[in-house]
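Where a number appears in this text, it was derived from the coordinates with a stated rule and is not lab data. All values reported here derive from a predicted model rather than from experimental measurement. All Cβ positions, even for glycine, are placed from backbone atoms using ideal geometry, and neighbour counts span all protein chains on display.
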Amino acid sequence: MKKQSILMATVLAFNPAMEVFAEEKERQDATLDVPPVMVKGILPDRLESVPGSYYLVDEKALEERRPFSVQEALNNVPGVNVVGENTFGLGVNIGIRGLNPRRTARTLLMEDGMPLFLAPYGDPAAHYTTPLERVQRIEVVKGSGQILYGPQTVGGMINFVTRPVPTDGQVHGNVQATLGNNDFTSLYGTIGAGDERGGLMIDALHKKGDGIRDNHDFEIQEYTAKGQLNLSDRHTLIAKASYFREDSHVSETGLGLVEYNEDKYQAPTGDRDVFQHERKTFQLQHLFQINQQVKLSTQAYYAESERASFRQINAPGTSAVPGRSELDRCGTSATVANSISCGGRWRPRDFEYWGIEPRLDIQHSLFGIESNAVIGFRYHREDIERNQYRGADPRFQSLSFAKTFENVNGGTGHREQIFTNVEAKSYYAQNTFYAGDWTFTPGLRFEDIRIKTDIRRAEGQPQNNPQSDATNNQSKLLPGFGLTWNGIQHTTVFAGVHKGFAPPRPDRDIFAPGGANTAVAVNTKPEESTNWELGFRSNYFKGITLESTLFHTVFEDIVVAGPTQGSFINGGESQQSGIEFAGRVDFGKILETSHNIYISGSYTNLFTAKFKKTNAGADIFSGDRLPYAPKHLASINFGYQHPVGLDARIGVDYVSEQQEDVAFRAGRPEAIDYDESGVSGVLAGVTGKIPSYALINATVNYRPVGSQITYFASAYNLGDRDYLASRVDGMVAGRQRQVFAGIRYDF
């Protein structure tokens, strides 16, 4: 850990606040007239001026659906496809508008405006999302409003807004216990108190259970403290610190065709495969209301993650070929039956990043027009260390033992060590002009990125690698423009266009074309997109909300698998076009009765999602449909709310047929010989379409009038349908029926 990086971020953020604190102490004010600090999220106060599509999953919707994980929470959001290869959403895969959902790498995830990835620039993989127990609402933004955030803005961004610290002079909190099948248990508690000077809130969460496949048990725990200090009526400090730990037996490798047909829920080495993740974060915000028109917000953040995975099976489907080993690095006679006597491979990786971001919000009429301007800057640094250890000795099942092998001997020992450093500077400015019923919002974002990769050991390469100190520096100007028209009551028509951006990933710029004795660093270019939108949102009619968006995205320099196993290249251009609908009808409001029957739903038609132009060396063809880009996504829910406190809902979520990764499609080299193992892509389970499926879900909530206790129950995949969720690394079945019930006490 780099202690000075934490110190620097903290000092920079605290400095102006400490000066103010000294001034206020001199004044010795007896009382403070502090307005309540609202949880703003990333959307502005005036939602009617947002120049693009967005969707809010508020606290009411979360209670109605009682989602089991982030997957269920987002299933009703138009344009969002969540590939549910993990029961509890621990390694979530979210794709927006046809973009590949793998580990959510092309969708920006944030919590209260702070990035959530392992490393936002260097390794944007989502192995963590904010537990829904702490969430007040979820904001999904897909339009030109993304200009103010980054780095991933090619598809959309999702921000988890957590509950605010109570400052009303009372103690608030809740305790919640949940039980379900698959040995699922969850305990959550939160307590907070405060007054006009500030307050403190503490959350604790513990979950455990069994996953989709055999032996896939997991356990997570998280502890969070959030505090607020009102230094004066103009200065507020908000700090948050959290600790998260996951211990899971998860096989990252899927199943081959033969294994899947035998038992789609098996995980042959699941009781020995391991995934461990420890995450520590700190976030500090200083809010300075300079006057009624100007506010300065300064955010500093720090995150440290350590993740390590162990697997014994590296390539699915090898058991179907006589004479092939089922287990990685364990000899040709090794089988699952004696896997306890075999080693495997560990991949421990460490991530650390920190940043500071001052932002100025200004209400002005500089051009003779009422306007809101946002001007900001972010400085961000990352340090990443990737290691890999392999060995056939059963003692390699222990990471501490594996780390004792510093030298590679006969393929055993420390196989990989790569250091990556990222320095990113982001500048942005946006101004919203209010002209009668119209708003016009131009904006600019400039990304300046410096990436340095030091390959000290790769695929057995000795130290002092000649490819060390590789660099990939990029600078990009990203404009955006949006407009809205509010000429009809409670209705907004919007249109926008913006340039999207996804930085080059250094982990994809390393491969070994010559096998164990060579390692090469190459520079992929950043992925860029041009995103167009035209749509409306309305609640013109009492009890009815409706929105629709027509979108068109041209994606340039899309990164795909290269011609050599393990390599990545810029494959060319893709295009995604479609239309989204979402709406809700509350008959209780229409008929003015306390008995409310409601219908809510969403539908997305992604009628175009294809590669348009291809670069030399890319194993894709113009016209190929993008992987994991279903043409149809639909969700519909029917509910009833009774005035005694009863709320019941039943719904159906539908996902149409999806294509597998392009490199593994029939006729491609890796479909003929997957992973250079002699196994075809069909036998390995990576070649073939993912059939469509529809899943039934239901929820019941009951909170008696005047009571502080809520009883609830939810079921997902109520029909217990078997379905295939993914072929990314072999065949992975979707979750079977999951039912849970619980009780919550609020105070």
- Task: Take the alpha-carbon positions of the range 181-271, form their convex hull, and give its projected area averaged over all directions (one quarter of the hull surface) in nm².
- Result: 8.4 nm²
- Note on the structure: For Phe621, the residues 5 or more places away or on another chain with a placed amide H closer than 5 Å to its own amide H are none
- Gap separating the Cα centres of the range 113-136 and the range 579-599, nearest whole Å: 33 Å
- Of all stretches in the chain that avoid GluC sites (Glu not before Pro) placed in a DSSP loop and having at most 14 other Cβ atoms within 10 Å, the longest is 1-405
- Item | Amide H partners (placed H, <5 Å) of Asn314, local residues excluded | Asp328
- Query: Among the aspartates and glutamates, which have Cα under 12 Å from the Cα of Lys613 when same-chain residues fewer than 8 positions away are ignored?
  - Reply: Glu556, Asp557, Glu573, Asp624
- Item | Charge dipole (debye, nearest 20) of the chain; +1 at Cβ of Lys and Arg, -1 at Cβ of Asp and Glu | 580 debye
- Apply the Karplus parameterisation 6.51 cos²θ - 1.76 cosθ + 1.60, with θ equal to phi minus 60°, to every residue of the range 626-638 and state each ³J(HN,Hα) to the nearest whole Hz, in sequence, with x for glycine and proline. 5, x, 6, 10, x, 5, 10, 10, 8, 8, 9, 9, 10
- Determine which aspartates and glutamates satisfy two conditions relative to Lys425: a Cα distance under 14 Å, and not lying fewer than 8 residues away in the same chain. Glu357, Glu382, Glu447, Asp448
- Message: Could you work out the relative contact order of the range 641-746? I mean the mean sequence separation of Cα pairs under 8 Å and 6+ apart, divided by the number of residues, in percent.
- Response: 26 percent
- Query: Can you list the chymotrypsin sites (Phe, Trp or Tyr not before Pro) in the range 606-698 that are in a DSSP coil and have 16 or fewer other beta carbons within 10 angstrom?
  - Reply: Phe621
- Message: Restricting to Cα pairs below 8 Å that are 6+ residues apart, what does the relative contact order work out to for the chain? Please round to a whole percent.
- Response: 12 percent
- Positive dipole terminus of the chain, leading residue within Leu591, Ser574, Gly122 (C-beta point charges): Ser574
- Total charge of the residues flanking Ala609 in space, meaning their Cβ is under 9 Å from its Cβ, with Lys and Arg +1 and Asp and Glu -1, is +4
- Cα-based Rg and Dmax for the range 89-151, where Dmax is the largest Cα-Cα distance (Å): 11.5, 30
- Just the Cα atoms of the chain: what Rg and Dmax do they give in Å? 26.0, 84
- Message: For the range 147-189, what does the relative contact order come out to in percent, with C-alpha contacts under 8 Å and a separation of six or more?
- Response: 23 percent
- Item | 21 Å Cα-Cα threshold exceeded, pairs from Lys142/Lys499; Lys280/Lys525; Lys264/Lys689; Lys264/Lys631 | Lys280/Lys525; Lys264/Lys631
